[in-house]
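Everything below concerns the one structure shown next.
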Amino acid sequence: GAVVSQHPSWVICKSGTSVKIECRSLDFQATTMFWYRQFPKQSLMLMATSNEGSKATYEQGVEKDKFLINHASLTLSTLTVTSAHPEDSSFYICSARALGLADYEQYFGPGTRLTVT
Amino acid sequence: QKEVEQNSGPLSVPEGAIASLNCTYSDRGSQSFFWYRQYSGKSPELIMFIYSNGDKEDGRFTAQLNKASQYVSLLIRDSQPSDSATYLCAPQGTDSWGKLQFGAGTQVVVTP
């Protein structure tokens with residue numbers, strides 16, 4: 001149980017284009033989803049917290065107009081990287097916090113590797 | 001600034017030995033603590049969590065928590081080559097969403 005999927009698992013896009021990443025909780029309802037970014041040899045950096053039906057809360061220094069987050073349902077959150085640039089190339093990982101289970105646990109998706117050329 | 005400190009390693013451990021990983025945190029309000037394992041190029045995988053002072057054992061893993069000292073540790077017994085990974089310590093923050101505060105991680109290398 002407690003499986004989180006992400007799609008796509010990797011994507012290559014050209015500079016200036018937008019990319020959408022989906023995060024789904026497959027067998028549970030997620031009250032909250034989190035989006036992280038991880039650069040090589042570095043730890044996870046929280047970008048934003050996403051709650052179903054409300055606006056995402058962004059961490060300091062993260063541009064909300066560049067990283068658009070939509071949490072449309074209790075099982076789906078999307079991250080859109082708008083006008084992507086090479087410096088946005090990174091490993092993007094979502095996690096979900098379960099509703100009704102041991103709700104202090106977060107389950108991570110497999111990640112999406114974004115390369116901007 | 002809330003901080004989580006871990007030795008970056010690499011921590012080299014002979015196969016079959018015990019790997020000992022340490023983590024200190026600055027947020028005294030943290031009540032729950034998580035250990036994640038991350039293989040290179042993969043996302044983190046939850047190993048175990050602890051929220052009471054003392055020890056908690058799960059298979060070959062033992063987590064230890066001392067809130068007074070703001071210290072949490074992870075022991076891996078009978079280390080296997082498959083345990084070679086980066087281990088992330090993550091205290092849970094006191095915000096309403098339960099954000100995790102990740103340390104930089106300790107790289108463990110188990111040598112046959």
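The values are calculated or read from the model by the stated rules, or taken from the named source; none is laboratory data. Keep in mind it's a predicted model, so treat the numbers as computed, not measured. Quick reminder, even Gly has a Cβ in these numbers, built from the backbone with ideal geometry, and neighbours come from all protein chains shown.
Count of the stretch B:82-97 residues, restricted to those that are more than 19 Å from B:Arg60 (Cβ to Cβ) and in contact (Cβ under 8 Å) with a residue 24 or more places away in the chain, is 5.
Among the residues of the stretch B:86-112, how many are of a type in the set (D, E, K, R) and more than 7 Å from chain A (Cβ to nearest Cβ)? Total satisfying the criteria: 1. Screening the candidates A:Phe39, A:Phe91, A:Phe28 for the property of being modelled with pLDDT of 95 or more, surrounded by fewer than 21 Cβ atoms within 10 Å (Cβ to Cβ), out of contact with any helix residue (DSSP H, G or I) (no Cβ under 8 Å at 6 or more places or on another chain) and of a type in the set (A, V, I, L, M, F, W, C) yields one hit, A:Phe91. Residues in the stretch B:32-82 that are among the β-branched types (Val, Ile, Thr), away from chain A (no Cβ under 14 Å) and under 9 Å from the mean Cα position of the chain (by Cα): 1 in all.
Of the residues making up the stretch A:18-49, those that are of a type in the set (D, E, K, R), in a strand (DSSP E or B) and closer than 17 Å to A:Ala72 by Cα are A:Lys20, A:Glu22, A:Arg24. So, of the residues in the stretch B:1-31 that are within 12 Å of chain A (Cβ to nearest Cβ) and of a type in the set (Ser, Thr, Tyr), which turns out to be farthest from A:Lys41 (Cα to Cα)? Only one residue fits best here, namely B:Ser30.
Taking the conditions exactly as written (of a type in the set (Ser, Thr, Tyr) and surrounded by fewer than 17 Cβ atoms within 10 Å (Cβ to Cβ)), does B:Ser32 satisfy them or not? So B:Ser32 fails the test. Residues in the stretch B:37-60 that are assigned to a strand (DSSP E or B), free of Cβ contacts under 8 Å to residues at least 60 places away in the same chain and under 22 Å from A:Ser95 (Cβ atoms): B:Arg37, B:Glu45, B:Leu46, B:Ile47, B:Met48, B:Phe49, B:Ile50, B:Lys56, B:Asp58. Among all positions in the stretch A:39-48, there is at least one residue which is of a type in the set (Gly, Ala, Ser) and within 14 Å of chain B (Cβ to nearest Cβ).
All conditions but one from (1) over 29 Å from A:Ser90 (Cβ atoms); (2) not in a strand (DSSP E or B) apply to B:Asp27; the one that does not is (1). Pairing residues of the stretch A:79-92 that are in contact (Cβ under 8 Å) with a residue 24 or more places away in the chain with residues that are among the acidic types (Asp, Glu), at Cβ distances under 6 Å and at least 6 apart in sequence or on separate chains, gives A:Val81/A:Asp88. For the stretch B:61-74, the tally of residues that are surrounded by 12 or more Cβ atoms within 10 Å (Cβ to Cβ) and not in a strand (DSSP E or B) stands at 2.
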